[in-house]
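Reading through the structure tokens given below for one structure.
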Amino acid sequence: MHLLRVNVDFSYDPIYALGVVTAFDRFMQGYHPLADQESIYQALIKAEQDDPQRYRGDAERLEALAKNLAVKDLIASLKSPNDGGSDQELQGHLQAIINNPKFKYSRLFAIGLFTLLEQADPKGMEDKATREEILTQLAQVLNLPQDKLLKDLDLYRSNLEKLAQARIMMAEMTQAERKKREQRGNQAVETAQQST
């Protein structure tokens, strides 16, 4: 985030904010103590001299817009902006990216874009062929580096899967350790009863 913010071509946009919030929330799932998550989030955004509520508010608003979005209509409206069609606010954000020849692409922006697509078409984003087709079309329309976008999102999805597996493994290890402690406790009680 810091390297992006100091880049001369970087400018804040709500899709980037959605990527920041989504990445934070998903990667911090299962973090304990749970109460510390919000203070860590606040510190992260404030360290960049920005407003955490701005990020969260923009992210929530875009997610709500995306739930009523048809991805094919969005792509068509971006190709022919005068046709209207999709949500005007979201289309405006994306049109600003198209019109900015110095737009600074980032992995966090890609995560935000992917999150929008997940909200709009959850089943389509699960299917690799559909996902890649949609991302390829969006990369072309938005003038984004297609290969980098696909690689960044594959890495992101892979990391989420690894984290989910690690959480399952940790839960299993914790449960196994709990059982061992119970067995040791039961054995200690039996031994104490036998000696009396």
Checklist outcome for this item: segment 111-166 and segment 2-78 have their Cα centres apart by a whole-number Å value of 16 Å
Checklist entry - On a 0 to 90 degree scale, rounded to 10, what angle separates helix 88-98 from the longest Cα axis of the chain? => result 80 degrees
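For a test of the definition: using alpha carbon positions, the gyration tensor, and the 1.5 limit on a/c, classify the chain as rounded, prolate or oblate.
Working: a/c = 3.07, a/b = 2.24, b/c = 1.37.
It comes out prolate by the Cα gyration axes.
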Checklist entry - To the nearest 20 debye, what is the magnitude of the charge dipole of segment 41-192 about its Cα centre, counting +1 on the Cβ of each Lys and Arg and -1 on the Cβ of each Asp and Glu? => result 540 debye
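State the volume of the convex hull built on the alpha-carbon positions of segment 119-196, expressed per residue in Å³ and rounded to an integer. Show your work: numbers first, answer last.
Details: hull volume 8.4 nm³, N = 78.
Enclosed volume per residue, from the Cα hull, is 107 Å³.
Grab the beta carbon distance between Ala129 and Arg184, set R0 = 45 Å, and tell me the FRET efficiency rounded to 0.05.
0.30
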Checklist entry - Given a cut-off of under 8 Å on Cα pairs at least six residues apart, what relative contact order in percent is computed for the chain? => result 26 percent
Item to check | Cα shape, segment 1-54, gyration tensor, a/c 1.5 rule | outcome: prolate
Checklist outcome for this item: Descending packing, highest mean Cβ count within 10 Å first, for 165-175, 92-102 is 92-102, 165-175
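Just by accessible area at a 1.4 angstrom probe, what is the order of Leu113, Leu44 from largest to smallest? Could you put the intermediate results ahead of the total?
On the way: Leu113 5, Leu44 70 Å².
Result, largest first: Leu44, Leu113.
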Checklist entry - If you build a Gaussian network model of the chain, linking Cα atoms that sit under 10 Å apart, which residue out of Ala47, Ala139, Ala17 swings the most? => result Ala47
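Accessible area per residue for the chain in Å², computed with a 1.4 Å probe and the full protein assembly in place, what is it? Mind dumping the intermediate values first?
On the way: 11700 Å² over 196 residues.
Accessible surface, normalised per residue, equals 60 Å².
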Checklist outcome for this item: Expressed in nanometres to one decimal, the distance between label points 7 Å along Cα→Cβ at Ala64 and Ala35 is 3.0 nm
Checklist outcome for this item: So the angle from the long Cα axis of helix 107-120 to the longest Cα principal axis of the chain, reported in degrees to the nearest 10, equals 90 degrees
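What is the local net charge at Arg107, summed over the other residues whose Cβ is closer than 9 Å to its Cβ (Lys, Arg +1; Asp, Glu -1)? Could you put the intermediate results ahead of the total?
Working: positive: Lys148; negative: Asp152.
Cβ neighbours under 9 Å give a net charge of 0.
The values are calculated or read from the model by the stated rules, or taken from the named source; none is laboratory data. Just so it is clear, the structure is predicted and the values come from calculations on it, not from any experiment. Because the Cβ atoms are built from the backbone with ideal geometry, glycine has one as well, and the counts that use them run over all protein chains shown. Ligands, DNA and RNA are stripped out before the accessible areas are found, and what is left, the full protein with its side chains, is counted by its heavy atoms. Shrake-Rupley method; radii C 1.70, N 1.55, O 1.52, S 1.80 Å.
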